[in-house]
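Enquirer: Quick one: the structure is below, and I'll ask about it shortly.
The values are calculated or read from the model by the stated rules, or taken from the named source; none is laboratory data. Given the structure is predicted, the values throughout are model-derived calculations rather than measurements. No Cβ is skipped: glycine too gets one built from the backbone with ideal geometry, and neighbour counts run over all protein chains shown.
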Ligand SMILES: *Cc1c(COP(=O)(O)O)cnc(C)c1O
């Protein structure tokens with residue numbers, strides 16, 4: 001098989017292997033790595049229904065990560081998708097209210113980030129070995145709640161790596177903070193920062209670019225890397241579950257081989273839905289990709305008008321992982337609809353960073369016809385949680401409910417009867433307070449986090465996941481708090 005190389009969205013002259021792209025994460029010019037072409041899917045659709053998650057992962061990932069041997073890839077896959085997941089199917093598909101929910105929250109931190117972050121550490125250490133990188137990889141992560149915990153759970157005690165997570169002290173939910181400060185592992189460190197998420201994020205970005213700091217830690221035997229969602233080592237594993245979902249629908253007799261499905265994704269940074277787009281381009285029979293936004297509807301406006309404009313008020317919603325005004329991974333889609341033109345992409349991204357907005361051409365807009373953008377108000381999200389529970393007993397988390405509400409609007413709008421998979425990105429246990437308030441505000445008002453978990457269990461008839469159970473009495477292992485200008489000192493102290 002010929003090797004698939006990666007170039008970047010902003011510089012066509014840069015060309016690296018898959019493993020090099022994984023180690024680097026982001027291109028030096030700020031561009032994102034993209035495959036030179038999207039490989040075609042090799043397995044017949046009929047065979048999909050009998051393939052396990054691991055087998056599906058192998059078939060998909062080997063087409064993108066061509067410089068990994070089958071054995072290397074198999075080791076990564078086997079180490080990631082094991083009994084860390086509380087469901088042997090890994091990502092089950094469940095019908096409720098006429099839609100097919102692809103549950104991506106059965107991993108260690110009960111959010112979909114586990115799907116990629118449980119394999120990224122293995123891809124990264126394998127990549128380091130292949131490229132003769134002998135330094136220890138030091139992952140720096142700023143988090144608004146979900147990514148930090150999922151990244152730590154993935155990297156904990158992985159030889160050759162260390163991970164440091166910075167979160168805004170007082171800026172994450174109680175459950176999220178407890179999840180992080182109780183994290184075990186000899187190579188992890190969690191630091192609360194007196195500042196907001198943007199402060200943490202900027203400080204981390206500055207350290208990646210600081211040549212003196214990079215040289216100093218190199219002397220101690222470390223290199224920085226990123227577990228952020230722009231890493232292709234996170235994107236490629238996310239293609240797998242859409243292919244797997246198709247196989248499950250075949251197996252359940254819901255569709256016939258070749259029948260087109262739609263996919264609805266609750267979207268923030270545009271990584272998850274981009275993976276669905278790649279699955280379609282690989283040859284999976286997919287019709288519409290429905291991009292669901294919460295009240296931060298910058299993507300909805302973009303699909304409608306062709307103008308991306310982040311100059312607007314940032315709204316805090318009950319789906320915080322989608323509260324985002326710069327969807328980083330959209331840059332990859334822009335690159336593709338620009339006809340793989342890195343100059344056009346670079347110039348639009350320059351507009352974004354200088355003016356906070358850019359506009360695509362009519363030609364580019366015409367290439368977005370696969371996508372349907374939708375948005376849901378907070379009231380519509382809560383109404384969706386309540387009505388689906390009342391009708392079926394199935395309980396959605398707030399992020400998935402944004403997708404559910406948008407999908408309902410899409411059907412009303414288009415009368416489209418294609419079977420539709422909805423990416424279910426978090427367990428309702430992670431957002432029990434919002435979810436139960438949506439169902440019966442008065443009844444659950446004033447209850448503590450763990451009482452709410454008991455109530456949710458009684459109501460949904462789903463056992464409390466270990467991710468919640470396990471933090472109830474777990475000892476606090478991290479209590480470091482620092483100011484913004486103390487972050488670098490923390491990093492220097494950890495890189496010893
Ligand atoms: C990260 C996240 C999202 C958004 O996914 P993107 O790939 O950034 O679009 C949606 N829901 C949950 C629960 C998340 O953690």
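Enquirer: Given 221, 192, 185, 170, which one is more than 21 Å from the chain's Cα centre (by Cα) and modelled with pLDDT under 95?
Expert: Matching residue, one of 221, 192, 185, 170: 170.
Enquirer: Still on this structure, I have one more. Kindly list, by first and then second residue, each pair from a residue in region 313-331 that is under 23 Å from residue 25 (Cα atoms) and free of Cβ contacts under 8 Å to residues at least 60 places away in the same chain to a residue that is more than 11 Å from the ligand (Cβ to nearest atom) and not in a loop (DSSP other than H, G, I, E, B), limited to pairs with Cβ atoms under 9 Å and residues at least 6 apart or on different chains.
Expert: Listed by first residue and then by second, the contacts come to 324/298; 325/298; 326/298; 326/352.
Enquirer: If I go through region 466-494 residue by residue, how many of them are surrounded by 17 or more Cβ atoms within 10 Å (Cβ to Cβ) and at pLDDT below 95?
Expert: 3
Enquirer: Right, something else. Select, from 363, 323, 309, the only residue that is within 24 Å of the chain's Cα centre (by Cα), farther than 22 Å from residue 420 by Cα and away from the ligand (no atom under 16 Å from the Cβ).
Expert: When all the criteria are applied, what remains is 309.
Enquirer: Take the residues in region 283-296 that are part of a loop (DSSP other than H, G, I, E, B) and over 20 Å from the mean Cα position of the chain (by Cα); name whichever of them is nearest to the ligand (Cβ to nearest atom).
Expert: Restricting to residues being part of a loop (DSSP other than H, G, I, E, B) and over 20 Å from the mean Cα position of the chain (by Cα), the top hit is 284.
Enquirer: Residues to consider are 435, 395, 402, 476; find the one that is within 16 Å of the ligand (Cβ to nearest atom), assigned to a loop (DSSP other than H, G, I, E, B) and in contact with a helix residue (DSSP H, G or I) (Cβ under 6 Å, 6 or more places away or on another chain).
Expert: 395
Enquirer: Mind listing whichever residues of region 366-385 are within 26 Å of the chain's Cα centre (by Cα) and assigned to a helix (DSSP H, G or I)?
Expert: 378, 379, 380, 381, 382, 383, 384, 385
Okay, residues lined up against (1) at pLDDT 95 or above; (2) within 22 Å of the chain's Cα centre (by Cα):
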| residue | (1), (2) |
| --- | --- |
| 13 | no, no |
| 16 | yes, no |
| 27 | no, yes |
| 53 | yes, yes |
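Enquirer: Scan 371, 382 and give me the residue that is out of contact with any strand residue (DSSP E or B) (no Cβ under 9 Å at 6 or more places or on another chain) and in contact (Cβ under 8 Å) with a residue 60 or more places away in the chain.
Expert: Sole residue among the options that is out of contact with any strand residue (DSSP E or B) (no Cβ under 9 Å at 6 or more places or on another chain) and in contact (Cβ under 8 Å) with a residue 60 or more places away in the chain: 382.
Enquirer: Separate question: Could you look through region 300-321, keep only residues that are touching a strand residue (DSSP E or B) at 6+ places or on another chain (Cβ under 8 Å) and not in a helix (DSSP H, G or I), and pick out the one that is nearest to residue 372 (Cα to Cα)?
Expert: 306
Enquirer: Only one of these is surrounded by fewer than 19 Cβ atoms within 10 Å (Cβ to Cβ) and outside any loop (DSSP other than H, G, I, E, B): 50, 67, 86, 78. Name it.
Expert: Going through 50, 67, 86, 78 in turn, the sole match is 78.
Enquirer: Consider region 89-135. How many of its residues are surrounded by fewer than 18 Cβ atoms within 10 Å (Cβ to Cβ) and closer than 16 Å to residue 163 by Cα?
Expert: 1
Enquirer: Would you check which residues across region 127-153 are within 14 Å of the ligand (Cβ to nearest atom) and assigned to a helix (DSSP H, G or I) and list them?
Expert: 146, 147, 148, 149, 150, 151, 153
Enquirer: Out of curiosity, is residue 255 part of a loop (DSSP other than H, G, I, E, B), within 16 Å of the ligand (Cβ to nearest atom) and surrounded by fewer than 22 Cβ atoms within 10 Å (Cβ to Cβ)?
Expert: Against the criterion (part of a loop (DSSP other than H, G, I, E, B), within 16 Å of the ligand (Cβ to nearest atom) and surrounded by fewer than 22 Cβ atoms within 10 Å (Cβ to Cβ)), residue 255 does not qualify.
Enquirer: Looking only at region 258-269, which residues are within 16 Å of the ligand (Cβ to nearest atom) and either modelled with pLDDT of 95 or more or farther than 25 Å from residue 146 by Cα (or both)?
Expert: Residues satisfying the conditions are 263, 264, 265, 266, 267.
Enquirer: For region 416-450, name all the residues that are in contact with a strand residue (DSSP E or B) (Cβ under 6 Å, 6 or more places away or on another chain) and surrounded by fewer than 19 Cβ atoms within 10 Å (Cβ to Cβ).
Expert: If the condition is that a residue be in contact with a strand residue (DSSP E or B) (Cβ under 6 Å, 6 or more places away or on another chain) and surrounded by fewer than 19 Cβ atoms within 10 Å (Cβ to Cβ), then 418, 419 are the ones that fit.
Enquirer: How many residues, within region 193-216, are surrounded by 20 or more Cβ atoms within 10 Å (Cβ to Cβ) and assigned to a loop (DSSP other than H, G, I, E, B)?
Expert: 1
Enquirer: Output the qualifying pairs, or none if there are none: Cβ atoms under 6 angstrom, residues six or more apart or on different chains, first residue in region 409-427 and farther than 22 Å from residue 108 by Cβ, second residue at pLDDT 95 or above and part of a loop (DSSP other than H, G, I, E, B).
Expert: So the pair list comes out as 418/260; 419/254; 419/255.
Enquirer: Here is a further query. Which residues, counting only those in region 217-243, are over 16 Å from residue 22 (Cα atoms), touching a strand residue (DSSP E or B) at 6+ places or on another chain (Cβ under 9 Å) and not in a loop (DSSP other than H, G, I, E, B)?
Expert: 217, 222, 241, 242
Enquirer: Additional query: From the list 331, 343, exactly one residue is more than 18 Å from residue 304 (Cβ to Cβ) and within 16 Å of the ligand (Cβ to nearest atom). Which is it?
Expert: Sole residue among the options that is more than 18 Å from residue 304 (Cβ to Cβ) and within 16 Å of the ligand (Cβ to nearest atom): 331.
Enquirer: A further question on this structure: Please work out which one of (1) assigned to a loop (DSSP other than H, G, I, E, B); (2) surrounded by fewer than 22 Cβ atoms within 10 Å (Cβ to Cβ) is the condition residue 363 fails and give its number.
Expert: That leaves (1) as the condition not met.
Enquirer: So for region 74-94 (the condition being touching a strand residue (DSSP E or B) at 6+ places or on another chain (Cβ under 7 Å) and closer than 22 Å to residue 336 by Cβ), does at least one residue qualify?
Expert: no
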